[in-house]
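Report on the following structure.
The values are calculated or read from the model by the stated rules, or taken from the named source; none is laboratory data. This one's a predicted model, so the numbers in the text were calculated from it and none came from an experiment. Here the Cβ positions follow ideal geometry from the backbone for every residue, glycine too, while neighbour counts run over all protein chains shown. We work out accessible area using only protein heavy atoms, side chains counted, and drop any ligands, DNA or RNA first. Shrake-Rupley method; radii C 1.70, N 1.55, O 1.52, S 1.80 Å.
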Amino acid sequence: MDGGLCAACLAVGGAGMLHKLTAFAQIDGRNLMDLYQEGNRENAPYFFPEIKEQALALKKVEQRFLEYVETDFFGRNGSEYWILEEDGVWISALRLYKISEEFYYMEALETHPDFRKRGYAARLLAGVIEDLKTRGPFRLCDCVGKNNAASLGVHRKCGFETVSDQAVNYLDNSSNQRCYGMEYTFHL
């Protein structure tokens with residue numbers, strides 16, 4: 001990634017670099033798709049059941065993913081894509097939506113399959129929280145699958161609390177009984 005494109009590049013523990021991206025032009029599509037490869041492979045038959053060739057279905061899912069990031073995600077005012085990079089590899093990422101003043105919603109916290117169980121997601125999330133603290137008081141919400149022990153552990157390690165047994169997606173105000181509503185709150 002070209003450091004000149006990064007809205008904010010911060011050194012984090014170890015050799016990693018934390019990037020806050022605020023425009024689609026800053027996205028390295030191949031690096032992002034490699035990071036989300038597992039979910040994309042799982043989504044291919046769901047979104048494109050008519051396509052039997054797995055490689056073609058995967059390509060379509062990746063294209064749809066990047067179109068969403070470009071138009072829907074970065075089309076929202078205040079959206080930030082956070083990336084933890086090490087040695088040119090995008091290791092962990094999340095999307096951060098600004099819902100209103102002092103209220104943020106995050107989704108798509110993911111760690112590259114080759115780098116899991118090494119604390120990268122916690123480093124990323126801790127870096128995002130530290131950046132948000134410099135902006136003043138805030139509330140950060142996320143939906144975490146009730147069966148996703150790894151993600152629940154990362155959230156709790158970073159100071160999130162479970163606030164509901166039924167999560168709310170604050171982008172469309174839908175609820176999800178398969179997820180917990182988790183929240184991190186910071187007051188001055």
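Remarks
- Where trypsin sites (Lys or Arg not before Pro) fall in DSSP loop in the stretch 101-132, at most 11 other Cβ within 10 Å: 117
- Result for the chain in a Gaussian network model with C-alpha springs under 10 Å: among 148, 176, 43, the largest mean-square fluctuation is at 148.
- Normalised per residue, the accessible area of the chain is 52 Å², obtained with a 1.4 Å probe and no contribution from ligands, DNA or RNA.
- Whole-Å distance, taken between Cα centres, linking the stretch 59-76 and the stretch 143-188: 24 Å
- The string of couplings for the stretch 87-101 from the Karplus curve (6.51, -1.76, 1.60, θ = phi - 60°) is 6, x, 9, 7, 9, 9, 8, 7, 9, 10, 9, 8, 7, 7, 4 Hz, one whole number per residue in order, with x for Gly and Pro.
- Across the stretch 157-170, rounded Karplus estimates of 3J(HN,Hα) from the backbone phi angles (6.51 cos²θ - 1.76 cosθ + 1.60, θ = phi - 60°) give 4, 8, x, 6, 10, 7, 10, 7, 7, 9, 6, 10, 8, 6 Hz, Gly and Pro being marked x.
- Restricting the stretch 28-73 to trypsin sites (Lys or Arg not before Pro) in coil, as DSSP defines it, with at most 12 other Cβ within 10 Å: 52
- Low-density loop cleavage sites - GluC sites (Glu not before Pro) in the stretch 11-74, where at most 16 other Cβ are within 10 Å (DSSP): 50, 53
- Within the chain, helix-based [θ] at 222 nm, where runs of 4 or more DSSP H residues each add -39,500 (n - 2.57), nearest 500: -9000 deg cm²/dmol
- Carbon + sulfur, % of accessible area of the stretch 53-151 - ligands and nucleic acids excluded, 1.4 Å: 45 percent
- The label-point distance for residue 118 and residue 72, in a model that sets each label 7 Å from Cα toward Cβ, rounds to 3.1 nm.
- Applying D = kT/(6 pi eta Rh) to the chain, where Rh is the Kirkwood radius over alpha-carbon pairs, T corresponds to 10 °C and eta to 1.306 mPa s, the Stokes-Einstein value obtained is 93 µm²/s.
- Too-long pairs where the Cα-Cα distance tops 19 Å, listed order kept, from 117/157; 20/98; 20/157; 20/60; 133/157: 20/157; 20/60
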